[in-house]
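Trainee: One structure, as structure tokens, below. Some questions next.
Derivation of every value follows stated rules applied to the coordinates shown; laboratory data play no part. Please read all numbers here as calculations on a predicted model, not as lab measurements. Positions of Cβ are generated from backbone atoms using ideal geometry, with glycine treated the same way; all protein chains shown enter the neighbour counts.
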Amino acid sequence: MEIIVCLKQVPNTTEIKIDPVTNTLKRDGVESIINPDDKTGLEVALQLKEQFGARVTVLSMGPQQAEKALGEALAMGADHAILLTDRAFAGADTLATSKTIAAAIKGMPYDLIIAGRQAIDGDTAQVGPEIAEHLDLPQISYACEVGYNADTKVFTVKRQFEDGYQILEVEGPCLLTVLSTACKPRYMRVKGLVDLDNKEVQILRRSDLVIEDEVLGLKGSPTKVKQTFNKQYNTNKQKLVLDPAEAAKLIAATLKDKHLI
Amino acid sequence: MNSQLKYELFEKMVKEFTENEVKPLAHELDETERFPAETVAKMAEIGLLGINVPKQYGGAGGDMRMYIKAVEIISKACATTGVVLSAHTSLCVTPILEYGTEEQKQKYVPKLASGEWLGAFGLTEPNAGTDAKNQQSIAVDMGDHYVLNGTKIFITNGGKANVYVIFAMTDKSLGLKGITAFIVEATTPGFSIGKKELKMGIRGSSTTELIFENMIIPKSQVLGRVGEGYKIAMKTLDGGRIGIAAQALGIAEGALEETVKYVKERKQFGMPIAKQQNTQFVLADLATKVEAAKMLVYAAADAKQAKDPTLSVKAAMAKLYASETAMEVTNKAVQLHGGYGYTREYPVERMMRDAKITEIYEGTSEVQRMVIAGALLR
């Protein structure tokens with residue numbers, strides 16, 4: 001089985017702060033990590049590899065420094081790593097990104113493509129599903145469990161919603177987007193780290209893709225950011241002194257009024 | 001890929017592992033004096049028990065720098081877990097790799113490197129530590145095998161290890177040259193675990209007595225040559241001391257980190273104690289010593305990797321300085337924490353107790369000074 005895992009390097013948003021003047025992310029000195037949902041996607045792929053045998057390729061689009069995230073993926077057990085990097089790809093929104101990645105995948109063998117549900121820096125959850133559309137593949141988003149029958153070559157996927165789930169069966173080739181709750185990603189292996197000395201990340205540039213210039217990078221990005229801002233919390237405090245029975249009634253009425261209960 | 005990335009990601013991995021798997025247990029292991037078997041299994045799974053073992057023997061094929069870094073980072077959170085790794089790697093896997101026959105290496109190293117088996121080392125006896133010529137453990141040559149009788153004490157990983165590198169007298173008349181090293185499996189008839197020590201620090205580490213009663217040891221279990229045991233023990237301890245130095249360095253770094261956090265929070269006289277010059281000057285001195293210890297520890301690790309003939313002195317200096325730094329840093333960390341630092345609610349109390357052993361085992365600070373002075377005055 002050939003599995004491609006799409007993986008994005010993102011700033012660790014648990015450490016990130018927003019510049020109050022410009023309302024943009026302060027990325028200086030913030031550690032870059034593999035996007036958590038994508039890391040889980042890699043773990044799902046590695047578990048399929050262990051159970052059924054597979055070659056796992058990790059693919060990322062981003063600046064040269066994303067090589068580090070790919071190195072981490074290789075040390076976890078991925079077989080091959082590809083980085084799509086070129087000035088022509090810069091400034092891409094989800095549409096331009098998904099078209100670029102789809103163009104790269106088009107020439108590759110695959111039975112399964114796994115992407116994380118969404119990246120913690122943009123939170124759009126669009127790139128995975130868009131890749132599937134560009135490649136005309138069946139897709140299942142929000143996967144939290146992935147099984148495979150090697151005889152029938154059918155994947156059984158549990159698709160999680162807020163209030164329930166679906167169990168779906170799909171034949172490969174297909175695309176899944178997985179939730180970070182699906183499983184706990186493994187640690188990098190010491191041997192995998194030592195072996196990085198003999199591994200290279202395959203670099204793909206603009207010239208390696210068959211795609212029109214208009215759909216790439218900033219030019220190919222219809223998304224326009226109008227404004228970004230820090231959410232202001234309006235606490236609207238009020239102090240009341242009531243006996244417990246009255247207080248309980250008031251709390252219940254207020255919550256009901258706000259449709260919270 | 002750029003080989004620097006390997007070290008960078010290795011550090012990241014060990015830090016994540018320590019944060020998630022080691023740190024949360026440190027307090028409980030100390031309180032209950034429990035050996036962290038589950039952590040050892042997890043370390044095995046990711047390859048931490050065979051970091052610097054060549055791939056042909058089932059290891060990861062990494063180097064001393066990586067191994068030492070792992071002991072340091074793990075010990076920063078839990079010195080107990082750190083010494084399990086150090087004793088296993090430096091005192092059991094390494095001598096078998098360096099002095100073992102090809103058969104011995106094939107038989108033992110893959111199982112040790114994978115963590116299927118844990119290793120330990122037995123030299124110390126009630127009347128013989130570094131001064132090994134008083135060894136009371138006797139191995140009598142019976143032609144095709146030895147019969148081994150005796151007792152060892154203070155054995156790290158005792159009762160938990162499957163394989164022990166054991167030293168015993170094979171010819172008392174030759175003194176130090178009458179000592180021979182053996183590879184002993186815990187399942188050997190006549191092998192038993194005696195008293196488990198109740199210790200001041202590293203309380204989760206299993207430290208026990210080993211008792212040998214008429215153990216039949218085939219000659220194929222002799223490690224190195226007959227009579228070469230003392231040399232093997234001393235060379236092994238040269239390497240082991242770097243592991244303990246890394247453990248001490250980790251304890252010092254851990255205590256410093258906890259203290260930096262605490263002094264920013266703790267308010268006295270209307271301000272965080274971090275604003276007071278005494279706090280600042282003490283912390284500045286401690287941080288400088290930690291950095292100096294780090295340089296000595298890494299230099300010793302590089303010397304071991306490069307088979308540098310001055311390893312012995314470098315390892316002694318690293319252990320002497322790092323362990324005394326650990327003691328000083330943890331002592332002052334407790335002082336800066338005030339009354340809270342003396343309680344078991346804050347980790348510096350445990351760290352101070354843990355630091356003390358690094359000045360004692362695998363050669364006391366006095367023995368390190370003997371090694372250093374001995375080389376100077378040769």
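Trainee: Once Lys and Arg get +1 and Asp and Glu get -1 on their Cβ, which of B:T188, B:I273, B:T101 lies farthest toward the positive end of the dipole of chain B?
Mentor: Projecting each Cα onto the dipole axis, the largest value belongs to B:I273.
Trainee: Then there's this: With everything on Cα atoms, drop me the angle between helix B:365-376 and the longest principal axis of chain B, reported from 0 to 90° to the nearest 10.
Mentor: The helix B:365-376 is inclined about 70 degrees to chain B.
Trainee: Tell me, what is the percent relative contact order of chain A, built from C-alpha pairs under 8 Å that lie six or more residues apart?
Mentor: Details: 494 pairs, mean separation 62.7, N = 261.
Relative contact order comes out at 24 percent.
Trainee: How far apart, in nm, are the 7 Å Cα→Cβ label points at B:Y340 and A:V225?
Mentor: 3.9
Trainee: Still on this structure, I have one more. Can you pull out the chymotrypsin sites (Phe, Trp or Tyr not before Pro) in region B:1-109 that DSSP calls coil and that have at most 11 other Cβ atoms within 10 Å? Before the final figure, lay out each step's value.
Mentor: Numbers: sites: B:Y7, B:F10, B:F17, B:Y57, B:Y67, B:Y99, B:Y108; in loops: none.
Here no chymotrypsin sites (Phe, Trp or Tyr not before Pro) fit, given the DSSP loop and packing criteria.
Trainee: Given the -39500 (n - 2.57) contribution per DSSP H run of 4+ residues, what per-residue ellipticity at 222 nm results for chain B, rounded to the nearest 500 deg cm²/dmol? The partial results should precede the final answer.
Mentor: Numbers: 12 runs with 194 residues, N = 378.
It lands at -17000 deg cm²/dmol.
Trainee: Using Cα atoms only, what is the angle between the long axis of helix A:36-52 and the major principal axis of chain A, expressed in degrees (0 to 90) to the nearest 10?
Mentor: 50
Trainee: Here is a further query. Dividing the convex hull volume of the alpha carbon atoms of region B:206-293 by its residue count, what do you get in Å³ per residue?
Mentor: Numbers: hull volume 13.1 nm³, N = 88.
Per residue, the Cα convex hull of region B:206-293 comes to 149 Å³.
Trainee: Return the inverse of the average 1/r over all pairs of distinct C-alpha atoms in region A:114-173, which is the Kirkwood hydrodynamic radius, in Å to one decimal.
Mentor: On the way: mean 1/r = 0.0798 Å⁻¹.
Kirkwood hydrodynamic radius for region A:114-173: 12.5 Å.
Trainee: Over all directions, what mean area does the Cα convex hull of the protein assembly as shown project, stated in square nanometres? Write out the running numbers ahead of the final one.
Mentor: Details: hull surface 153.7 nm².
Taking a quarter of the hull surface, the average projection is 38.4 nm².
Trainee: Would you give the gap between the C-alpha center of region B:67-141 and the C-alpha center of region B:292-350, rounded to a whole Å?
Mentor: So the two Cα centres are separated by 21 Å.
Trainee: While we're here: Need one number: % antiparallel among DSSP beta bridges in region A:2-215, to the nearest 5.
Mentor: Values: 18 of 43 bridges.
Percent antiparallel among DSSP bridges in region A:2-215 is about 40.
Trainee: Quote the Stokes-Einstein diffusion coefficient, in whole µm² s⁻¹, for region A:2-215, based on the Kirkwood radius over alpha carbon pairs, a temperature of 25 °C and a viscosity of 0.890 mPa s. Walk me through the intermediate numbers first.
Mentor: On the way: Rh = 17.6 Å.
For the chosen part, D equals 139 µm²/s.
Trainee: Could you give the size of the charge dipole of chain B about its Cα centre, using +1 on the Cβ of each K and R and -1 on the Cβ of each D and E, expressed in debye and rounded to the nearest 20? Provide the component values of the computation, followed by the final result.
Mentor: Details: 45 positive and 44 negative charges, 112 e Å.
Taking the Cα centre of chain B as origin, the dipole is about 540 debye.
Trainee: Related question: Quick one: length gained pulling B:A375 to B:K55 fully straight, 0.36 nm per residue minus the C-alpha distance?
Mentor: This chain segment gains 111.7 nm when fully extended.
Trainee: Quick one: dipole size for the protein assembly as shown, taken about the Cα centre, charges +1 on Lys/Arg Cβ and -1 on Asp/Glu Cβ, in debye to the nearest 20. Don't skip to the end; give the middle numbers.
Mentor: On the way: 76 positive and 80 negative charges, 299 e Å.
In debye, rounded to 20, the protein assembly as shown gives about 1440.
Trainee: Could you state the angle between the C-alpha long axis of helix B:347-358 and the longest principal axis of the C-alpha atoms of chain B, as a value from 0 to 90 degrees rounded to the nearest 10?
Mentor: The angle comes out at about 40 degrees.
Trainee: So for region B:128-188, Kirkwood radius off the Cα pairs, Stokes-Einstein at 37 °C and 0.692 mPa s: how many µm² s⁻¹?
Mentor: Numbers: Rh = 12.3 Å.
Rounded, D is 267 µm²/s.
Trainee: Related question: Rounded to the nearest 0.05, what FRET efficiency do B:L174 and B:N20 give with R0 = 45 Å and r taken as the Cβ-Cβ distance? Could you check?
Mentor: Numbers: r = 51 Å, r/R0 = 1.14.
Result of the calculation: an efficiency of 0.30.
Trainee: How would you rank A:V154, B:V297, B:V14, A:V241, going from fewest to most other Cβ atoms within 10 Å of each one's own Cβ? Walk me through the intermediate numbers first.
Mentor: Working: A:V154 15, B:V297 31, B:V14 26, A:V241 6.
By the 10 Å Cβ count, ascending: A:V241, A:V154, B:V14, B:V297.
Trainee: Take B:E103, B:E31, B:E72 and order them by how many other Cβ atoms sit within 10 Å, fewest up front.
Mentor: Values: B:E103 9, B:E31 12, B:E72 28.
The most exposed by this proxy come first: B:E103, B:E31, B:E72.
Trainee: A further question follows. Applying the Karplus parametrisation 6.51 cos²θ - 1.76 cosθ + 1.60 with θ = phi - 60° to the phi angles of region B:282-295, what ³J(HN,Hα) value in whole Hz is obtained for each residue in order, glycine and proline being reported as x?
Mentor: 4, 4, 4, 5, 5, 4, 5, 5, 4, 5, 5, 4, 4, 4
Trainee: For region B:71-198, what's the radius of gyration and Dmax over Cα atoms, in angstrom?
Mentor: Values for region B:71-198 (Cα only, Rg and Dmax): 15.0, 50 Å.
Trainee: Further question on the same structure: With +1 on each Lys and Arg Cβ and -1 on each Asp and Glu Cβ, and nothing else charged, work out how big the dipole of chain A is about its Cα centre, in Debye to the nearest 20.
Mentor: 800
Trainee: Along region B:318-335, what does the Karplus equation 6.51 cos²θ - 1.76 cosθ + 1.60 (θ = phi - 60°) give for ³J(HN,Hα), rounded to whole Hz, x for Gly and Pro?
Mentor: The phi angles translate into 4, 5, 4, 6, 5, 6, 5, 5, 4, 5, 5, 5, 5, 4, 6, 5, 4, 4 Hz.
Trainee: If you take the beta carbon distance between B:H145 and B:E116 as r and set R0 to 22 Å, what does 1/(1 + (r/R0)^6) give as a FRET efficiency, to the nearest 0.05? Please list the in-between numbers first.
Mentor: Values: r = 26 Å, r/R0 = 1.19.
Efficiency at R0 = 22 Å is approximately 0.25.
Trainee: Separate question: Restricting to the protein assembly as shown, compute how many DSSP beta bridges are antiparallel as a %, nearest 5. Before the final figure, lay out the partial values.
Mentor: Numbers: 47 of 77 bridges.
Once the DSSP bridges in the protein assembly as shown are tallied, antiparallel ones form about 60 percent.
Trainee: Rank these for me by crowding, A:I18, A:I82, B:I68, going from fewest to most other beta carbons within 10 Å. Please list the in-between numbers first.
Mentor: Details: A:I18 14, A:I82 21, B:I68 30.
Ranked by crowding around the Cβ, least crowded first: A:I18, A:I82, B:I68.
Trainee: List the GluC sites (Glu not before Pro) in region A:121-207 that DSSP assigns to loop (not H, G, I, E or B) and whose Cβ has at most 13 other Cβ atoms within 10 Å. Which are they? Intermediate results must be reported in sequence, preceding the final value.
Mentor: On the way: sites: A:E130, A:E133, A:E145, A:E162, A:E169, A:E171, A:E200; in loops: A:E162, A:E200.
Passing sites in region A:121-207 are A:E162, A:E200.
Trainee: Sequence-distant or interchain residues sharing an amide H contact under 5 Å with B:S206, placed H: which?
Mentor: The list, which skips near neighbours in sequence, is B:N157.
Trainee: I've got another one for you. Name the residue, out of B:S206, B:S192, B:S86, whose mean-square fluctuation peaks in a Gaussian network model built on chain B with Cα pairs under 10 Å.
Mentor: Among B:S206, B:S192, B:S86, the largest GNM mean-square fluctuation belongs to B:S192.
Trainee: Among B:A303, B:A255, B:Y321, whose Cα lies farthest out toward the positive end of the dipole of region B:246-361, if unit charges sit on the beta carbon of Lys, Arg (+1) and Asp, Glu (-1)?
Mentor: B:A255
Trainee: Another question, if that's okay. Toward the positive end of the charge dipole of region A:2-215, about the Cα centre and with charges on Cβ (Lys, Arg +1; Asp, Glu -1), which of A:A66, A:A115, A:Q139 goes farthest?
Mentor: A:A66
Trainee: So, one more: Go through region B:236-327 and name the trypsin sites (Lys or Arg not before Pro) that are in a DSSP coil and have 11 or fewer other Cβ atoms within 10 Å of their Cβ. Show your work: numbers first, answer last.
Mentor: Values: sites: B:R241, B:K261, B:K264, B:R266, B:K267, B:K275, B:K289, B:K294, B:K304, B:K307, B:K314, B:K319; in loops: B:R266, B:K307.
Sites meeting the loop and neighbour criteria: B:K307.
Trainee: Using the C-alpha gyration tensor of chain B, what are the square roots of 5 times its eigenvalues, in whole angstrom, with the largest one first?
Mentor: Details: eigenvalues 264, 88, 81 Å².
After scaling each eigenvalue by five and taking roots: 36, 21, 20 Å.
Trainee: Across region A:179-186, in residue order, what do the Karplus-derived ³J(HN,Hα) couplings come to in whole Hz, using 6.51 cos²θ - 1.76 cosθ + 1.60 with θ = phi - 60° and x for Gly and Pro?
Mentor: 8, 5, 7, 4, 6, 8, x, 6
Trainee: Something else about it: Relative contact order for chain B: what is it in percent, counting Cα pairs under 8 Å that are at least 6 residues apart?
Mentor: In percent, rounded to a whole number, it is 16.
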